[in-house]
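The values are calculated or read from the model by the stated rules, or taken from the named source; none is laboratory data. This one's a predicted model, so the numbers in the text were calculated from it and none came from an experiment. FYI the Cβ positions are ideal-geometry reconstructions off the backbone, even for glycines, and counts take in every protein chain you see. For accessibility, only protein heavy atoms count, side chains too; no ligands or nucleic acids. Shrake-Rupley method; radii C 1.70, N 1.55, O 1.52, S 1.80 Å.
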Amino acid sequence: MNQPATINLAVLISGSGTTLQNLIDTIASGRLNARISVVVASRPEIAGIDRATTAGLPHHVVDRRVLTDIDAFSERVFAHCIEAEADLICLGGWLSLLQIPQRFDGRIMNVHPALLPSFGGKGMYGANVHRAVLDHGCKLSGCTVHFVDQTYDNGPIILQRTCPVLEGDTPESLAHRVFEEEKIAYPQAIDLFGQGRLSIDGRCVRSAPK
């Protein structure tokens, strides 16, 4: 059987770039047959840009605070992805809503630090998510990898991984445990996409066997 072609990724970041770093490390270790062709940041002077620079990755800043029109902002972001010939766009802590062109339907993924459809939507990111999980008294949390549509945290779910919520957890301690699951889930979902094993059927994502 022929080895699947190496998948070209565009990674979109808005903060520290821990998800970007996980993908860099997973690719470098040979556990993910992919290359990061471009990194796009929604803000200048964020730590994620330093990670891209250290890894020698092409990167651009499309500042959401300057391009306030969502159509113009989205067009600029996707222009970089098209120029890099990205097969798949991966959001890694990306905080800006995008107007998604039809050519990228089913070709954008995100990882959310909770078990969607719970604890998602506008404003639910980072510590806000974990604080809400704790305030709700949940005994289980985890992460969700999903395709991206025009609404926050709404696209079809690809896969989920869980972890316990422990007595005495803080948003920070829970975030650490959830991120350990993200580090496994996101590369797994990307790998399934790269192998051509994912298909979208309404709100359901089907994963074909090898």
Cβ pairs under 8 Å, 6+ apart, first in the range 196-210 and closer than 15 Å to Leu159 by Cα and modelled with pLDDT of 95 or more, second surrounded by fewer than 10 Cβ atoms within 10 Å (Cβ to Cβ) and of a type outside the set (Gly, Ala, Ser) = Arg197/Pro209; Arg197/Lys210
Strands (runs of 3 or more DSSP E) enclosed by the range 103-210 - at least 2 residues per element that are of a type in the set (A, V, I, L, M, F, W, C) and either open to solvent by 40 Å² or more (accessible area, probe 1.4 Å) or more than 17 Å from Val11 (Cα to Cα) (or both) = 140-147, 157-164, 198-201, 204-207
